[in-house]
1. Here is a list of conditions, (1) over 14 Å from the mean Cα position of the chain (by Cα); (2) farther than 16 Å from residue 147 by Cα; (3) assigned to a strand (DSSP E or B); (4) in contact (Cβ under 8 Å) with a residue 40 or more places away in the chain, and residue 87 meets all of them except one; can you say which number that is?
2. When you look at residue 130, is it assigned to a loop (DSSP other than H, G, I, E, B), out of contact with any strand residue (DSSP E or B) (no Cβ under 8 Å at 6 or more places or on another chain), closer than 27 Å to residue 74 by Cβ and free of Cβ contacts under 8 Å to residues at least 40 places away in the same chain, yes or no?
3. State yes or no: is residue 172 out of contact with any strand residue (DSSP E or B) (no Cβ under 7 Å at 6 or more places or on another chain) and more than 20 Å from residue 59 (Cβ to Cβ)?
4. For the stretch 113-127, give me each residue that is exposed (fewer than 13 other Cβ atoms within 10 Å of the Cβ) and assigned to a loop (DSSP other than H, G, I, E, B).
5. Counting just the residues of the stretch 36-70 that are part of a strand (DSSP E or B) and more than 26 Å from residue 96 (Cα to Cα), which one comes out modelled with the lowest pLDDT?
6. Yes or no: the stretch 2-22 includes at least one residue that is under 23 Å from residue 147 (Cβ atoms), assigned to a strand (DSSP E or B) and either at pLDDT below 90 or touching a strand residue (DSSP E or B) at 6+ places or on another chain (Cβ under 8 Å) (or both).
7. Within the bounds of the stretch 93-112, is there any residue that is surrounded by 21 or more Cβ atoms within 10 Å (Cβ to Cβ), under 24 Å from residue 171 (Cα atoms) and in contact with a helix residue (DSSP H, G or I) (Cβ under 9 Å, 6 or more places away or on another chain)?
8. If a residue has to be in a loop (DSSP other than H, G, I, E, B), in contact (Cβ under 8 Å) with a residue 60 or more places away in the chain and farther than 23 Å from residue 46 by Cβ to count, how many in the stretch 90-112 make the cut?
């Protein structure tokens, strides 16, 4: 699709919040691994970088249950994570940001203390909290990486191209993003 080959799977973010089998009622806490639908599917890092206006390296400072998402009997609580930004890779953000997670593609919610690389879109709905910080949503499960002992683990292991980043250093991923996803340095 004009060099991007980005596929809009559902077309609107609201449709991404539909659940498939989350059980009855609202759980009292965010449920890791809730199965949602991807809005965007990327074929490589270049597409991910081109689509995300914001990307950061950060550490999760806190999490809390968010708003109800889903429809009918398949509702659950979103997760609100406050992230301390350690490095901005794309866009312009302050040192603290908020992020709403809705459990896309079975990816567990973020946990306090985790270091992450996040590719984000501005939050355009009613703010989860009115605390003066900007809020974002993850561009999708392909746009979230955990960092443990300086080693990268993609949140979504179903996209084959993400496997080239499994186990690389944080610096290697950052360098790839900064060069718009060109091949990973040796």
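The values are calculated or read from the model by the stated rules, or taken from the named source; none is laboratory data. Keep in mind that this is a model prediction, so the values were computed, not measured. Positions of Cβ are backbone-derived with ideal geometry, glycine not excepted, and every protein chain shown enters the neighbour counts.
1. Exception for residue 87: condition (2).
2. Numbers: assigned to a loop (DSSP other than H, G, I, E, B): yes; out of contact with any strand residue (DSSP E or B) (no Cβ under 8 Å at 6 or more places or on another chain): yes; closer than 27 Å to residue 74 by Cβ: no; free of Cβ contacts under 8 Å to residues at least 40 places away in the same chain: yes.
In short, no.
3. Working: out of contact with any strand residue (DSSP E or B) (no Cβ under 7 Å at 6 or more places or on another chain): yes; more than 20 Å from residue 59 (Cβ to Cβ): no.
Here the answer is no, as residue 172 does not meet what is asked.
4. Going residue by residue through the stretch 113-127, those that are exposed (fewer than 13 other Cβ atoms within 10 Å of the Cβ) are 113, 122, 124-126.
If the condition is that a residue be exposed (fewer than 13 other Cβ atoms within 10 Å of the Cβ) and assigned to a loop (DSSP other than H, G, I, E, B), then 113, 124, 125, 126 are the ones that fit.
5. Narrowing the stretch 36-70 to residues part of a strand (DSSP E or B): 40-41, 54-70.
When the remaining residues are screened for being more than 26 Å from residue 96 (Cα to Cα), the result is 41, 70.
Values: 41: 83, 70: 73.
My answer is 70.
6. Step one: filter the stretch 2-22 for residues under 23 Å from residue 147 (Cβ atoms), giving none.
The answer is no, given that none of the residues of the stretch 2-22 is under 23 Å from residue 147 (Cβ atoms), assigned to a strand (DSSP E or B) and either at pLDDT below 90 or touching a strand residue (DSSP E or B) at 6+ places or on another chain (Cβ under 8 Å) (or both).
7. yes
8. Keep residues of the stretch 90-112 that are in a loop (DSSP other than H, G, I, E, B), which gives 91-95, 102-103, 107-112.
Adding the requirement that they be in contact (Cβ under 8 Å) with a residue 60 or more places away in the chain leaves 102-103, 107-109.
Add one more test, that the residue is farther than 23 Å from residue 46 by Cβ, and what stays is 102-103, 108-109.
The number of residues fulfilling the criteria is 4.
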